[in-house]
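The values are calculated or read from the model by the stated rules, or taken from the named source; none is laboratory data. The model shown is predicted, which means the values in this text are computed figures rather than measured ones. Using ideal geometry, Cβ is built from the backbone for each residue, glycine included, and neighbour counts are taken over all protein chains shown.
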Amino acid sequence: MERLFDRGLPAGPIDPEDAYLDLGIPPGTGRPYTVLTMISTLDGKAVVGGKGSTWSLGTEVDHVLFQQIQRNCDAVLVGAGVMRVDDIPYPRITPAETRRRTDLGLRPRPLWIVISGSGRLSPDLRLFEADSSDTMLVTTESADPEALRALLGKTRIAAFGRQELDFGAMGRALREVHGIRRLNSLGGPILNGAMLEAGLIDELFLTLAPKIQNGRQAVTLFEGSGRPQDQLVGASLVSLYRSGDELYLRYRLAGS
Ligand SMILES: NC(=O)c1ccc[n+]([C@@H]2O[C@H](COP(=O)([O-])OP(=O)(O)OC[C@H]3O[C@@H](n4cnc5c(N)ncnc54)[C@H](OP(=O)(O)O)[C@@H]3O)[C@@H](O)[C@H]2O)c1
């Protein structure tokens, strides 16, 4: 792997395990500073198939960087759609990793937060095999009460907003009540669209996979309602790495 440029660090070959060790992610004020991690094909597709297809889009180097970004953050955020398709388990956190995180002032074990307006998540998701204090369902007051009952004891549950999720209230509670200062969102695209419009995404870590799917049914990185051409969200490039033909871009979004 090669560092092309990154905040004044020397360019040249680097082990992926060392590349994203200290991302210098700031702590955020009033809400957690939020970095989004996504991968897309050259033709801009973020979803190319069913379970496991997103993971197999990237190489082993991408997978290492993906995990290193999480290791810089107190918490991980993920949409219900991702959990329903990919059923991501809670990561294995060794005692040494807990010590490393504590030394850096991070939450000793990452808090994994799932966003679901309906609350309709299977209690059998692998994530809920983790200690219930390490996961949280974020929902609304109009969630399905029966679905929430099935999750009692499996995870923490918090509701923000009546019909629509109140991202502002969620951000304040995560920062002030739960001490989350650095948040890594894993998407997916519907959640990204809503968070972008709420002004809650500070940075985008984008892996560009040298692959083309073709086809008109492209689900892109952000599946919100869209913006007029004179109101596009700008971004500035913070760092650029490559491994073979795969590129790893870090952007800071305008307004962050
Ligand atoms: N290329 C990549 O890097 C990447 C990254 C992540 C995921 N993916 C892929 O994306 C696919 C899933 O996409 P998706 O767009 O359906 O996923 P998603 O954004 O994870 O899920 C959408 C669901 O999340 C909840 N949600 C999102 N925004 C909400 C809001 N503002 N308020 C309340 N609830 C909200 C809703 O759940 P309820 O219906 O329960 O209310 C909604 O149906 C999977 O195939 C996954 O592999 C790709």
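Brief remarks on what is shown
- Scope region 127-136; condition touching a residue at least 24 places away in the same chain (Cβ under 8 Å) and either in a helix (DSSP H, G or I) or more than 17 Å from Leu106 (Cα to Cα) (or both); matching residues: Leu127, Phe128, Glu129, Ala130, Ser132, Asp134, Met136
- Within region 204-246, the set of residues being closer than 17 Å to Leu9 by Cβ and surrounded by 15 or more Cβ atoms within 10 Å (Cβ to Cβ) comprises Phe205, Val238, Ser239, Leu240, Tyr241, Arg242, Ser243.
- Number of the condition not met by Val76 [criteria: (1) modelled with pLDDT of 95 or more; (2) over 24 Å from Arg162 (Cα atoms)]: (2)
- Residue pairs whose Cβ atoms lie under 9 Å apart, separated by 6 or more positions or on different chains, with the first residue in region 98-121 and within 13 Å of the ligand (Cβ to nearest atom) and the second in a helix (DSSP H, G or I) and of a type in the set (Val, Ile, Thr), are Val114/Val82.
- Any hit, region 127-137, residues being within 19 Å of Ile201 (Cβ to Cβ) and not hydrophobic (A, V, I, L, M, F, W, C): no
- Entirely in region 1-71, the helices (runs of 4 or more DSSP H) that have 1 or more residues that are in contact (Cβ under 8 Å) with a residue 40 or more places away in the chain and within 14 Å of the ligand (Cβ to nearest atom): 53-57, 60-70
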